[in-house]
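Colleague: First the structure, which I've put down as structure tokens, then a few questions once you've had a look.
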Amino acid sequence: MISNEERNGPMDQTAVAGEAFAFSNSPCEREQLPGGSFVIRSTLPLGPYPASVIAVLKARAELSGDQILFRESAANGIVGEISYRDAYRQACKIGRTYLELGASDERPVVLIAENSIKTAIAILGCYAAGVPVSPISPSYSKMSSDFGKLRYIVDILTPSLVIFDDAIAHRNAIATVAWGDARLAAIANAQPGMLAWDELLGGSPVVPDLAASPDRTSKILFTSGSTGMPKGVLVTQRMMMSNQIALSQVWPGYFASPPILVDWLPWNHTYGGNQIFNMPIVFGGSLTIDHGRPTPAGIATMIKSFKRIRPNLLLNVPRALDLLADHLDADESFAEALFERLELIGYAGAALPVPVANKLSRLARQFKGRDIPVVGLWGATETAPVATAVYFPSTEPANIGLPIPGFDIKFTPDGSKHEMRVRGPGVTPGYWRQPEATAKAFDEDGYYRMGDAGRFVDPANINAGLIFDGRVAENFKLLSGTWVNVGALRVNVVAASVDLIADVVIAGHNQDYISALIFPKLDACRALAGEEVLDPAHDVVSNAKVQDAIRTALAHHNRTAGGSSNRIVRALIMREPPSVDAGEITDKGYINQRAVLERRAKLVDLLYSLSSGAAVIDIDPASIPAPRTLAS
């Protein structure tokens with residue numbers, strides 16, 4: 001149940017602008033620069049923001065200490081909860097232990113743990129002590145065969161303390177990786193020589209320095225390493241706090257009541273660890289930590305969590321919303337529960353396929369009796385995380401909105417496109433102990449190079465929003481010299497067969513035509529195949545019904561796609577799902593285009609081979625050129 005305190009409005013120090021309207025609808029202005037570049041920014045000034053997460057937590061613990069801040073929801077029910085007062089008290093106690101163990105600005109605390117209440121306390125303890133925390137993906141420890149990324153991260157961090165959620169689950173990494181002089185601890189199943197959770201909480205509480213600079217490094221978040229080893233992004237309190245307030249200024253109606261969130265997104269990523277984690281603290285709400293996942297194995301728990309604690313905001317990634325939409329359509333009781341209180345759905349990290357957006361809108365009208373916004377946001381780990389958001393009426397799922405207050409977006413010509421670069425209080429100062437990478441990340445005017453291209457929805461009206469126009473580094477040319485916009489094409493291909501295709505990787509650099517590596521929705525493909533198989537992934541790949549359905553869908557896509565830069569000529573369904581260990585996919589489900597193409601180069605070669613075999617789906621064989629002879 002939701003407590004009465006949880007329904008109270010935000011505290012004065014974090015009050016949001018506006019009362020009776022949901023979006024700010026504030027316009028942007030454009031400044032032309034020499035050389036074809038230009039800057040757009042919000043005309044709404046960034047409002048005052050708190051100094052730190054721990055300062056707000058302390059104030060809330062004093063004002064409404066009994067209110068629940070964190071809950072945990074598992075398959076068998078709510079398995080834990082903690083109030084604002086107890087969260088603050090425990091954070092201060094564990095913060096004292098960190099300092100006694102030698103944690104400092106140069107010796108951060110490393111956290112290798114799934115989301116939980118105790119994981120949250122471990123993070124807040126670092127904020128209380130004024131030392132950096134670095135949450136690391138548990139997959140680097142539990143799912144890796146060589147621990148290469150984990151070794152690299154530990155070497156560059158030189159941690160004072162490493163906390164695992166379960167020492168048994170991470171036993172191979174604990175025994176194999178060189179931890180230096182760092183102390184090891186475990187929330188559960190601590191082994192001899194390790195500190196147990198109760199020992200970490202055993203000290204007297206530290207008194208947080210609420211006057212500390214908001215520009216000190218508070219967190220080090222490692223990128224997923226799509227172009228090499230991960231980089232440690234420096235995250236400050238100024239970045240996190242300004243971001244929260246800026247978003248509330250452009251979504252004032254949605255922050256008029258405290259946010260009630262149910263979420264699974266990992267805290268070692270910026271969306272979950274900064275946006276979702278901090279939001280309930282800043283605005284006096286609650287976060288139910290969902291043990292479910294948007295996977296066939298985890299979706300049942302996720303549905304139970306939403307039924308138990310019915311959120312008023314749903315902020316997630318497109319892959320999760322895609323899966324949720326299918327289950328909402330099939331389960332009326334789930335849809336009634338989710339839409340009972342829900343006022344907004346937001347997504348980031350990738351474009352939401354049009355069929356998914358349309359399905360969510362239809363379900364909202366059916367079960368809530370009216371539309372609710374389904375809107376995009378855009379940013380990066382380096383922007384903690386939001387740089388733009390939709391804060392005006394829009395029916396275009398690809399719209400990533402406009403700059404939030406405090407952010408300037410600079411558009412710099414890059415071939416036929418414009419790269420978006422960002423500057424503002426929400427932007428990182430750089431990377432941990434990587435001065436060369438930091439220098440390369442910023443241009444001569446101090447703008448962070450996002451590497452994303454963008455364009456206006458309507459060139460005649462900048463206030464209609466922006467469209468993500470692909471990763472500058474992902475786009476490629478066909479042999480004809482025609483550029484391929486990979487980001488836009490991926491979205492369109494998934495949308496062409498959203499019931500069967502989970503994700504897709506686009507190939508064709510220096511080739512005559514475009515091909516696709518398809519990651520299927522196995523359950524839907526098995527249902528279509530109508531067969532019980534011992535090795536479902538293998539048989540689904542070669543099943544004639546599945547191949548025919550995908551061929552038909554992509555052929556339909558091609559008929560309306562236009563020129564060669566948008567048509568899929570051949571496709572191959574992947575037997576093996578994307579590998580976390582190989583960097584093909586992140587914890588949040590984002591596909592790494594480059595890593596997939598490099599790791600599966602032999603499969604890509606099949607798509608351009610004359611003797612491709614039965615596994616390759618020919619969609620447009622007329623576009624495959626005849627073999628070249630030496631004379632040609």
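The values are calculated or read from the model by the stated rules, or taken from the named source; none is laboratory data. Since the structure is predicted, the reported quantities are computational estimates derived from the model, not experimental observations. Note: ideal-geometry Cβ built from the backbone for every residue, glycine included; neighbour counts use all protein chains shown.
Colleague: Out of the residues in segment 413-443 that are in contact with a Leu (Cβ under 9 Å, 6 or more places away or on another chain) and assigned to a strand (DSSP E or B), state the one that is surrounded by the most Cβ atoms within 10 Å (Cβ to Cβ).
Modeller: That would be M420.
Colleague: For segment 276-287, check the following and say yes or no: at least one residue is in a strand (DSSP E or B) and buried (at least 21 other Cβ atoms within 10 Å of the Cβ).
Modeller: yes
Colleague: To continue, here is another question. Filter segment 391-403 down to residues that are assigned to a loop (DSSP other than H, G, I, E, B) and out of contact with any Phe, Trp or Tyr (no Cβ under 8 Å at 6 or more places or on another chain) and give me whichever is nearest to L352 (Cα to Cα).
Modeller: Here the residue is P397.
Colleague: Which condition number in (1) modelled with pLDDT of 95 or more; (2) assigned to a loop (DSSP other than H, G, I, E, B); (3) of a type in the set (D, E, K, R) is the one that E19 fails?
Modeller: Here E19 meets the rest and fails (1).
Colleague: Every residue in segment 461-492 that is at pLDDT 95 or above and on the phi < 0 side of the Ramachandran plot, please.
Modeller: N461, I462, N463, A464, L466
Colleague: Right, something else. Looking at L352 and the list (1) in a helix (DSSP H, G or I); (2) in contact with a helix residue (DSSP H, G or I) (Cβ under 7 Å, 6 or more places away or on another chain), which single condition is not satisfied?
Modeller: (1)
Colleague: Answer with yes or no whether L221 is modelled with pLDDT under 95, of a type in the set (A, V, I, L, M, F, W, C) and outside the structural domain of G379 (by TED's automatic domain parsing).
Modeller: Spelling it out, it is not the case that L221 is modelled with pLDDT under 95, of a type in the set (A, V, I, L, M, F, W, C) and outside the structural domain of G379 (by TED's automatic domain parsing).
Colleague: I would also like to ask the following. Step by step: first the residues of segment 444-460, then only those that are acidic (D, E) and outside any strand (DSSP E or B), then the one that is nearest to V39 (Cα to Cα). Which residue is that?
Modeller: The residue in question is D445.
Colleague: Next question, about the same structure. Looking at G451, G481, G446 in this structure, which one is closer than 21 Å to Q593 by Cα, surrounded by fewer than 19 Cβ atoms within 10 Å (Cβ to Cβ), small (G, A, S) and not assigned by TED's automatic domain parsing to the domain that holds N592? Before the answer, list the steps.
Modeller: Numbers: G481 fails: not assigned by TED's automatic domain parsing to the domain that holds N592; G446 fails: closer than 21 Å to Q593 by Cα.
Going through G451, G481, G446 in turn, just one is closer than 21 Å to Q593 by Cα, surrounded by fewer than 19 Cβ atoms within 10 Å (Cβ to Cβ), small (G, A, S) and not assigned by TED's automatic domain parsing to the domain that holds N592: G451.
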